[in-house]
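Asker: Below: one structure in structure tokens.
All of the numbers you see were taken from the coordinates with simple rules; none came from a lab. These numbers were taken from a predicted model, which means no experiment stands behind them. Cβ coordinates were reconstructed from backbone atoms using ideal geometry, including for glycine residues, and neighbour counts include every protein chain displayed.
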Amino acid sequence: MNNLSTENLVRDMRAVVVDAEDLLKATASQTGERIERVRAKAEDSLRTAKERLHFAADAVEDLNEQARAHPWATAGVAAGVGLLVGILLARK
């Protein structure tokens, strides 16, 4: 994935997190057992999504740095993966 599409993905995921937070704030005045269960589940999912987004953004940044530091190794790995996929697809 190129740098621009990675940045777009991270930006879009952050927008989803912000929208979910806004939704939780907007429904804070709603009461009832079912609403409370749904809100608790949504808050838990949101917390997990934030953690994964932070981890993914760090991993992508590290991978990008490694690819730039070792371009020939990156090209070799990409060629190897392409060869392996080609072999697997060509099998009958």
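Asker: Give me the distance in nm between label points sitting 7 Å out from Cα along the Cα-to-Cβ direction at A78 and R34, one decimal.
Answerer: 5.2
Asker: Additional query: Mind checking which of L63, A90, G76 is farthest towards the positive end of the range 34-92's charge dipole, using Cβ charges of +1 (Lys, Arg) and -1 (Asp, Glu) about the Cα centre?
Answerer: A90
Asker: Next up: How much FRET efficiency would the formula 1/(1 + (r/R0)^6) give for E61 and D22, where r is the Cβ-Cβ distance and R0 is 30 Å, rounded to 0.05? List each step's numbers first, then the result.
Answerer: Values: r = 27 Å, r/R0 = 0.90.
For R0 = 30 Å, the calculated efficiency reads 0.65.
Asker: If the only charges are +1 at each Lys and Arg Cβ and -1 at each Asp and Glu Cβ, what is the size of the charge dipole of the chain around the Cα centre, to the nearest 20 debye? Mind dumping the intermediate values first?
Answerer: Numbers: 13 positive and 14 negative charges, 93 e Å.
The dipole of the chain has a size of about 440 debye.
Asker: Provide Rg and Dmax in Å for the range 4-72, with only Cα atoms included in the calculation.
Answerer: So, for the range 4-72, Rg and Dmax equal 16.9, 60 Å respectively.
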